2 protein chains.
Amino acid sequence: MKFATLKSESEDGRLIVVSRDLKHAADASAVALNLQEAVRNWDSCVSQLRALYEQLNAGSLANAFAFDPKQCAAPLPRSPQWCDASAFLNHGRLMERAFNTAPIPDMDTIPLMYQGASDDFLGPHQDVPLPSESDGIDFEGEFGVIVGPVEMGATAEKAEQSIRLLVQINDWSLRVLGPREMRTGFGFLQAKPSCSFAPVAVTPDELGDAWREGRVQLRLHVAWNGERFGEPHGGEMNFSFGQLIAHAARTRRLSAGTIVGSGTVSNVERGAGSACIAERRVIEMIDQGKAETGFMKFGDRVQMVARFADGTAGPFGEIDQRVVEFSR
Amino acid sequence: MKFATLKSESEDGRLIVVSRDLKHAADASAVALNLQEAVRNWDSCVSQLRALYEQLNAGSLANAFAFDPKQCAAPLPRSPQWCDASAFLNHGRLMERAFNTAPIPDMDTIPLMYQGASDDFLGPHQDVPLPSESDGIDFEGEFGVIVGPVEMGATAEKAEQSIRLLVQINDWSLRVLGPREMRTGFGFLQAKPSCSFAPVAVTPDELGDAWREGRVQLRLHVAWNGERFGEPHGGEMNFSFGQLIAHAARTRRLSAGTIVGSGTVSNVERGAGSACIAERRVIEMIDQGKAETGFMKFGDRVQMVARFADGTAGPFGEIDQRVVEFSR
């Protein structure tokens, strides 16, 4: 199944189902007002939602309409919790060099994960208001999962069973603020403003063979101001989503609707490019002695879309956003 | 005004007003279903809530009932965001020695703050389920504020005006997990399970002269298994709550209902004792060469109550909890 959230007067938006080909949609709010409610009451509404989805795909819904991602909020405009990992160790190791921080000894056995704000996510085409170019504005293309309730201490296997939906995320980052916050040991706060989401959240079966080993096995194609920036592959994730969820649930239960992120998709193979500017910059430093690529300017645009191996667009739709100066 | 939240079928509970002397209460859900709704629609419901509060204090409400903190959830059982500072530098400096982490150079000019989970707060008398004594179970007594909406980039002065309510918090901490998470730079996640709250959230005017310079000027009396542990004074906070809120809002807007915490209340004057075990342990290490006090065991009890200068109980009511082993 594929779902999206239309902007509405409610902060949680209004639930729609989206056809397999992302061309059509239908209101689903009679089953669950919004996606948060659907995830919370999954067992009781999943069969009705699936029936609606099948009818939409069969073209037999009289009230279907054209799917317009520009009308969409994030699938969950707010969620109970947002825990973002850094599960691509290639990225983590490069960032250690970029930030000149001490190597983390157990990085390949214990997932890195920070707690982010989850009350104000941005939709796929919303402008991204930020206070200053001098904060080092960067994108971070990643994948994530929306889970049902997870018990404290759940195993990775049990945790993987809690996955309800997969999502595609741009975890906006302010690179000038990051290293100081890391050095305090308290983690990211100002360095991580509101995240953005591709319009469509999908059940894992929609990926077919590309959902394997608890990983999204798709390339994430990233373009900055219309130019190709990279298309790293999600399969190289060093921890599975089950392992990441279990890490988050070690000392707390997770409410239904909690989102767990992969961290920036990143591949050892250099030809894949990068899903964030900071990573390209550190590669430039390593290769050429200095970073040549600057961070984003107001007015800059970033596009992100996951694609199947044959190049066809993946199930999440596209993130296409502009960074703008926040003005009061 | 004084508010509390009765446990109910809704995850947000049901709003009650509590009398000035904490003896009586009355349902307020006809004005706002729950405290989150009251904070969100503050301007439109504040006069009705105040009228109800005055009638309750005057003894003229026919449907008033005895206030029973044991029926209470946290004032906000879940909130859009929880940003916890470490605004008592005495505590921060002692903890640097306890954790043997590098000194943070700008600690006295830029507040330390981490993002915590905000979807699952515990009420004042709820048992605290945790997975293992070997994680180093500790309490942290602190004060906090619940804000209305705050714009990105708000000044400290503007931010202070957004304060709707004051609260008293126990920020549960797992000390064995903390140092590793700090060293990664990603901040606390497993080290910070669900926080607990005293039952009553109050408007700043309820503190009279004890709300001054954006600080809660009360002593926080902490007892562990019935023995006095400390009563440090909240006035020694090195940043005002306005400054803390402004720090949180530097690159994001804050939704109404966001909670900002002071971090462990801590005084330079040793006679005041401590509001967390870790701090006592580091003082023991400094004074005697080793920490003698252990962390909490399952079955242990912690009580926390703020008191006015004359020793009378403060406005928040009491936290009185037991730590229990989480069992599936």
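The values are calculated or read from the model by the stated rules, or taken from the named source; none is laboratory data. What you see is a predicted model, and the numbers here were worked out from it, not measured in a lab. For neighbour counting, all protein chains shown are included, and Cβ atoms are generated from backbone atoms with ideal geometry for every residue, glycine included. Side chains are part of the model used for accessible areas, which takes the heavy atoms of the whole protein and leaves out ligands, DNA and RNA. Shrake-Rupley method; radii C 1.70, N 1.55, O 1.52, S 1.80 Å.
Each copy carries a label point for B:GLY208 at 7 Å from Cα along the beta-carbon vector; from one copy to the others these points are 7.4 nm apart, nearest first. Among A:SER132, A:SER60, A:SER255, the residue with the largest mean-square fluctuation in a Gaussian network model of chain A, with springs joining Cα atoms closer than 10 Å, is A:SER60.
Candidate cross-link partners of B:LYS70 among the lysines, defined by an alpha-carbon separation under 26 Å and a same-chain spacing of 8 or more, comprise B:LYS2, B:LYS7, B:LYS23, B:LYS192, B:LYS297.
Per 5 Å bin, what percent of the C-alpha pairs of the range A:35-153 does each bin hold, from zero upward? Over the range A:35-153, the share of Cα pairs per 5 Å bin runs 2, 7, 11, 15, 16, 15, 12, 9, 6, 4, 2, 0 percent.
With contributions of -39500 (n - 2.57) from each DSSP H run of at least four residues, the per-residue ellipticity at 222 nm computed over chain B stands at -6000 deg cm²/dmol. Inter-copy label distances at B:GLN288, using a point 7 Å along Cα-to-Cβ, come to 6.1 nm with the shortest given first. Sites listed here are trypsin sites (Lys or Arg not before Pro) in the range A:236-293 whose DSSP assignment is loop and whose Cβ has at most 11 other Cβ atoms within 10 Å: A:LYS290. A:ARG328 label point (Cα plus 7 Å toward Cβ) to equivalent points in the other copies: 5.1 nm, shortest first. Over all distinct Cα-Cα pairs of the range B:216-282, the Kirkwood formula returns a hydrodynamic radius of 13.5 Å. With q set to 0.11, 0.12, 0.13 Å⁻¹, the log10 of I(q)/I(0) for chain B, from the Debye formula over equal scatterers at the Cα positions, is -0.65, -0.78, -0.92. Contact order, relative form, for chain A: 23 percent (alpha carbon pairs under 8 Å, 6 or more residues apart, mean separation divided by residue count).
Normalising the Debye intensity of the range A:1-88 to I(0), with uniform scatterers on Cα atoms only, and taking log10 at q = 0.12 Å⁻¹ returns -0.36.
A 1.4 Å probe over all protein chains sorts B:LEU61, B:LEU35 by accessible area into B:LEU61, B:LEU35, starting with the largest. Within the assembled protein chains, the solvent-accessible surface assigned to B:TRP224 is about 40 Å², based on a 1.4 Å probe. The ellipsoid equivalent to the alpha-carbon distribution of the range A:187-321 has semi-axes of 26, 19, 16 angstrom, derived from the gyration tensor eigenvalues as √(5λ) and listed largest first. The B:ASP27 and A:ASP43 beta-carbon pair, evaluated with R₀ = 56 Å, returns a calculated FRET efficiency of approximately 0.95.
Each residue of the range A:37-42 was assigned a 3J(HN,Hα) from its phi angle through the Karplus expression (A = 6.51, B = -1.76, C = 1.60, θ = phi - 60°), giving 5, 4, 5, 5, 10, 3 Hz with x at Gly and Pro. Inverting the pair-averaged 1/r between distinct Cα atoms of the range B:118-260 gives 16.5 Å as its Kirkwood hydrodynamic radius. Once you reduce the range A:112-148 and the range B:299-328 to the center of their Cα atoms, the two points are 37 Å from each other. Annotation for the range A:15-104: trypsin sites (Lys or Arg not before Pro) lying in DSSP loop with at most 11 further Cβ atoms inside 10 Å of their Cβ are A:LYS23.
Our coupling estimate for the range A:122-139, obtained by passing each phi through the Karplus curve with A = 6.51, B = -1.76, C = 1.60 and θ = phi - 60°, is 9, x, x, 10, 6, 4, 10, x, 9, x, 7, 5, 6, 7, x, 6, 9, 9 Hz, Gly and Pro reported as x.
Distance to the B-onto-A rotation axis is smallest for one chain B Cβ; residue and value in angstrom are B:GLY187, 1.
A P(r) calculated from all alpha carbon pairs of the range A:92-168, with 10 Å bins opening at zero, reads 12, 33, 34, 21, 1 percent.
Relative contact order for the range B:55-131 using alpha-carbon pairs under 8 Å, separation at least 6, rounded to a whole percent? Here the relative contact order equals 45 percent. Dividing the mean sequence gap of close Cα pairs (under 8 Å, 6+ apart) by how many residues the range B:169-300 holds gives a relative contact order of 17 percent. Determine the per residue accessible area of the range B:57-208 with all protein chains present and a 1.4 angstrom probe, expressed in square angstrom. It amounts to 31 Å² per residue over the range B:57-208. 3J(HN,Hα) along the range A:165-180: 9, 10, 9, 10, 10, 10, 8, 3, 9, 10, 6, 6, 8, x, x, 5 Hz, from the Karplus curve 6.51 cos²θ - 1.76 cosθ + 1.60 with θ = phi - 60°, whole Hz, x for Gly and Pro.
The rule of thumb for compact globular proteins, 2.2 N^0.38 Å, goes into the C-alpha radius of gyration of the protein assembly as shown 0.95 times.
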